[in-house]
């Protein structure tokens, strides 16, 4: 007897469904946003950035240089908008600089 499958799905859809069911999709988006921090802010800020962590819709960024930290604090709202615009839903509400 030959079994024919009439309903096939792409691997991409299967993986996406698995991630949603296990609530892992938001963690992957947070990881992507942390990677985007380095891309959006550029080389100088990336070199001064020591860590980026997202927790409870807040992005905690540790920056070694006080000058760069001050510059980033002045454009914080624009960075939040730029980072959130890359995703289907806003992931962060606030950037906290340390």
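One line per residue, one yes/no per condition, for (1) at pLDDT below 85; (2) closer than 16 Å to residue 55 by Cα; (3) assigned to a loop (DSSP other than H, G, I, E, B):
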| residue | (1), (2), (3) |
| --- | --- |
| 4 | yes, no, yes |
| 7 | yes, no, yes |
| 18 | no, no, no |
| 31 | no, yes, no |
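Search segment 81-98 for residues being out of contact with any strand residue (DSSP E or B) (no Cβ under 6 Å at 6 or more places or on another chain) and free of Cβ contacts under 8 Å to residues at least 40 places away in the same chain, and hand back the single one that is surrounded by the most Cβ atoms within 10 Å (Cβ to Cβ).
Of all residues in segment 81-98, those out of contact with any strand residue (DSSP E or B) (no Cβ under 6 Å at 6 or more places or on another chain) come to 81-91, 93.
From what is left, the residues that are free of Cβ contacts under 8 Å to residues at least 40 places away in the same chain are 81, 84-85, 88-90, 93.
Working: 81: 10, 84: 15, 85: 8, 88: 7, 89: 7, 90: 12, 93: 11.
The qualifying residue surrounded by the most Cβ atoms within 10 Å (Cβ to Cβ) is 84.
Could you check, for segment 45-54, whether at least one of its residues is within 17 Å of residue 87 (Cβ to Cβ) and either surrounded by 10 or more Cβ atoms within 10 Å (Cβ to Cβ) or without any contact (Cβ under 8 Å) to a residue 40 or more places away in the chain (or both)? First the steps, then the outcome.
The first filter runs over segment 45-54 and keeps only residues within 17 Å of residue 87 (Cβ to Cβ), leaving 52, 54.
Keeping just the survivors that are either surrounded by 10 or more Cβ atoms within 10 Å (Cβ to Cβ) or without any contact (Cβ under 8 Å) to a residue 40 or more places away in the chain (or both) gives 52, 54.
Yes; the residues of segment 45-54 include at least one that is within 17 Å of residue 87 (Cβ to Cβ) and either surrounded by 10 or more Cβ atoms within 10 Å (Cβ to Cβ) or without any contact (Cβ under 8 Å) to a residue 40 or more places away in the chain (or both).
Every residue, every condition in (1) touching a helix residue (DSSP H, G or I) at 6+ places or on another chain (Cβ under 7 Å); (2) not in a helix (DSSP H, G or I), yes or no:
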{"position": "45", "(1), (2)": "yes, no"}
{"position": "51", "(1), (2)": "no, yes"}
{"position": "59", "(1), (2)": "no, yes"}
{"position": "69", "(1), (2)": "no, no"}
{"position": "89", "(1), (2)": "no, yes"}
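The values are calculated or read from the model by the stated rules, or taken from the named source; none is laboratory data. Everything numeric here is computed off the predicted structure, so don't read it as measured data. Here the Cβ is made from the backbone with ideal geometry for all residues, glycine too, and neighbour counts use every protein chain on show.
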